[in-house]
Amino acid sequence: MRHITAACIAMLFFHYAGAQEFGGNPLSHKWRQINNDTVRVIFPEGMDSIGQRVANTVMYINRHNRLSIGNRREKMSIVLQDQTLLANGYVQLAPFRSEFYLAPPPNSNDMGAMSWVDQLAIHEYRHVLQNTNFNVGLSRVVGYLGGQLGRTAANNIAVPNWYWEGDAVLSETALSEQGRGRLPAFFDGFRALSLAKKDYSYMKIRNGSYKDYTPSHYPLGYILTSYGRYEHGATFWKDVTDDAVRFRGVIYPMSHSLKRRTGKNITQFYDAGIDWYRKKWAEGGDWDDTTMISPQTKTVTDYKYVYTTDAGDLLVLKSSYKRIPAFWLIKPDGTEQRLFAPGFGFDDYFGYRNGRMVWTETRYHPRWTWKDYSVVMVHEDGVTRQLTLKTRYFSPDISPDGKLICAVSSGADLHYSLDVLDAATGEVIRHLPNPDNGYFTYPKFSADGQYIIAGKRGKDGKIALVQLPVNGGDPEVLLPAALRVLGIPAIQGDTVFITANYGNVDNVFAYTDKQLFRVTNARNGVQHMTVRNGHLVFSEFTADGYKLFQTPVDLKPGLPQRSSWLQPDFKEGGSIIDKIPDTEHTVTGIRSCTV
């Protein structure tokens with residue numbers, strides 16, 4: 001009877017979750033474990049230090065940071081996957097376990113620059129605590145009758161997906177000096193809707209749209225959970241969700257609980273939360289005058305990664321809700337010409353120089369489902385070719401003479417390098433110095449091809465802008481490491497244009513003569529830029545996607561300041577990163593990874 005009940009619930013209330021991969025890793029892949037009364041961390045042989053860090057982080061949070069979620073405890077198994085290049089992680093209730101995909105994301109704007117292992121541990125363990133503390137009331141009864149599948153169904157009926165992810169993002173923000181709640185780019189979607197005066201209903205935002213742009217449940221959840229914490233205190237959501245999973249209000253139990261505790265149902269609460277943030281976003285609204293040069297479209301359309309060709313055209317990656325991403329040329333008169341479409345990649349970025357294009361594409365192992373690659377692709381004289389095999393490269397760039405390529409290598413052992421490759425053969429010519437194992441972001445060759453300029457993320461989450469001689473000499477720090485995100489550089493002579501989040505949105509700055517100047521004061525986040533005919537052309541996010549704007553190149557002194565809403569204090573004691581102990585837990589072997 002119990003199994004029949006579980007099957008019925010699973011069919012009626014299907015909820016997507018990461019499934020177990022059979023034949024995921026080669027049999028030669030050896031596993032080790034840390035197994036105690038709080039957590040079981042399973043990790044590949046040779047990654048003991050990573051396993052210890054995850055175990056210590058989880059145990060610290062379990063003992064010190066439960067006020068806002070509850071005190072129920074349940075042991076958890078966490079598997080650390082090192083063979084895939086997908087930067088992700090999840091917690092699954094049936095069976096109850098978590099998996100961390102250890103390769104860090106190449107784009108710092110997406111997730112920030114803090115240690116990827118720390119971010120995964122804080123974020124995903126919050127999901128563990130959510131599931132553990134939601135095993136009460138009617139949800140517990142359904143779990144008893146239907147097992148973990150029944151419990152999954154009950155929890156996801158009672159608690160919407162925006163809460164699960166928003167609360168976890170809030171946790172990574174509260175317990176570190178970074179987290180997505182401190183990234184201006186994380187709010188670009190909702191800020192764009194606000195600027196365009198598109199006041200969509202809660203249900204449209206909640207359910208999404210195939211016609212209009214709507215932000216995902218991650219920023220929606222953070223806006224609602226953070227607003228609730230600001231207005232009602234640290235234990236507010238613990239009480240609301242406890243009502244919901246006990247089904248105190250059978251239809252829309254979360255909304256019923258909000259109404260009972262705040263006088264607002266979920267729609268009214270959403271309106272209040274968005275209005276609270278809109279007032280924050282309006283601060284410092286004296287934006288520069290810019291001209292949009294990409295056409296208005298009825299379909300949401302993105303123009304990303306803009307370059308100037310030798311003929312004065314603009315080269316972009318263009319995609320829309322109706323078309324797959326492809327490379328397009330935009331003529332000075334606005335005429336657009338489609339070139340060709342690249343294959344799928346973990347990162348859609350591409351580089352361009354003097355008629356040559358370079359990017360990465362994903363390749364999968366034919367046998368092992370957890371093992372994949374990121375290979376370098378080159379396009380020249382109308383011909384596209386795959387340059388590397390079975391590599392783990394990201395963010396490539398090509399030298400001015402077309403003879404060299406630089407790319408970031410993300411090793412399965414979590415060792416990173418900036419490699420210089422032969423553009424004809426793909427052979428590694430040189431690994432540039434990286435004694436502290438920092439992660440390089442979006443390297444670019446200098447105008448003369450003698451140097452490579454890149455952001456460099458440290459283990460402490462700080463990013464520096466560095467310049468490395470191509471011949472392997474000592475690097476030079478252009479901008480010292482700091483807790484701010486640097487984006488994709490664009491080189492124009494001796495000037496390095498780069499996006500950075502010094503203020504409330506990502507803007508373009510220029511490094512020249514050993515000084516940093518502000519170039520744009522955009523309404524919303526800027527992703528990439530190029531210089532054409534004395535004007536800066538840049539890609540800015542709008543309610544209709546990334547659009548191209550231009551403005552005269554004007555270097556202004558002084559850096560903008562960040563508002564308080566991007567420096568939140570959720571009263572949980574601040575960052576735990578430096579408080580996590582270095583306890584050495586017993587490590588034992590394991591015959592096979594079966595969870």
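The values are calculated or read from the model by the stated rules, or taken from the named source; none is laboratory data. Note that the structure is predicted; figures quoted are calculated from it, not measured. Please note: Cβ atoms are built from the backbone with ideal geometry, for glycine as well, and neighbour counts cover all protein chains shown. Areas reflect the complete protein model, heavy atoms only, side chains present, ligands, DNA and RNA absent. Shrake-Rupley method; radii C 1.70, N 1.55, O 1.52, S 1.80 Å.
Just the residues that are over 16 Å from Glu572 (Cα atoms), assigned to a helix (DSSP H, G or I) and among the small types (Gly, Ala, Ser), please, taken from the stretch 206-241.
Gly221
The rows are residues; the columns are (1) more than 30 Å from Ile498 (Cβ to Cβ); (2) among the small types (Gly, Ala, Ser); (3) modelled with pLDDT under 95.
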residue	(1), (2), (3)
Leu555	no, no, no
Leu559	no, no, yes
Ser563	no, yes, yes
Lys571	yes, no, yes
Asp578	no, no, no
Thr586	yes, no, no
Gly589	yes, yes, yes
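Could you look through the stretch 266-281, keep only residues that are open to solvent by 40 Å² or more (accessible area, probe 1.4 Å) and free of Cβ contacts under 8 Å to residues at least 60 places away in the same chain, and pick out the one that is nearest to Ser563 (Cα to Cα)?
The selected residue is Lys279.
Looking only at strands (runs of 3 or more DSSP E) that lie completely in the stretch 336-419, which have at least 3 residues being under 20 Å from Thr530 (Cβ atoms)?
336-340, 350-353, 356-364, 393-398
Out of Gly263, Gly249, I need the residue that is over 26 Å from Asp544 (Cα atoms) and either exposed (fewer than 15 other Cβ atoms within 10 Å of the Cβ) or hydroxyl-bearing (Ser, Thr, Tyr) (or both). Which one?
On inspection, the qualifying residue turns out to be Gly263.
Could you pull out the residue among Gly147, Gly189, Gly137 that is crowded, with 17+ Cβ neighbours inside 10 Å, closer than 30 Å to Gly458 by Cβ and touching a residue at least 12 places away in the same chain (Cβ under 8 Å)?
Sole residue among the options that is crowded, with 17+ Cβ neighbours inside 10 Å, closer than 30 Å to Gly458 by Cβ and touching a residue at least 12 places away in the same chain (Cβ under 8 Å): Gly189.
Quick check on the stretch 502-526: of everything there that is of a type in the set (Ser, Thr, Tyr) and not in a strand (DSSP E or B), which residue is nearest to the chain's Cα centre (by Cα)?
Within the stretch 502-526, the match that is nearest to the chain's Cα centre (by Cα) is Tyr502.
Which one is nearest to Phe445 (Cα to Cα) among residues in the stretch 420-433 that are in a strand (DSSP E or B) and aliphatic (A, V, I, L, M)?
Among residues in the stretch 420-433 that are in a strand (DSSP E or B) and aliphatic (A, V, I, L, M), the one nearest to Phe445 (Cα to Cα) is Val420.
When you go through Lys304, Lys298, Lys322 one by one, which is the residue that is open to solvent by 40 Å² or more (accessible area, probe 1.4 Å) and touching a residue at least 12 places away in the same chain (Cβ under 8 Å)?
So the residue among Lys304, Lys298, Lys322 that is open to solvent by 40 Å² or more (accessible area, probe 1.4 Å) and touching a residue at least 12 places away in the same chain (Cβ under 8 Å) is Lys322.
Among the candidates Asp275, Asp271, which residue alone is over 27 Å from Thr441 (Cβ atoms) and either in a loop (DSSP other than H, G, I, E, B) or within 26 Å of the chain's Cα centre (by Cα) (or both)?
Just one listed residue meets the conditions, Asp275.
Between Thr530, Thr499, which is within 24 Å of Ala282 (Cα to Cα), modelled with pLDDT of 95 or more and either assigned to a strand (DSSP E or B) or not aliphatic (A, V, I, L, M) (or both)?
The conditions single out Thr499.
Out of the stretch 435-444, which residues are farther than 20 Å from Val485 by Cα and either touching a Lys or Arg at 6+ places or on another chain (Cβ under 9 Å) or among the β-branched types (Val, Ile, Thr) (or both)?
none
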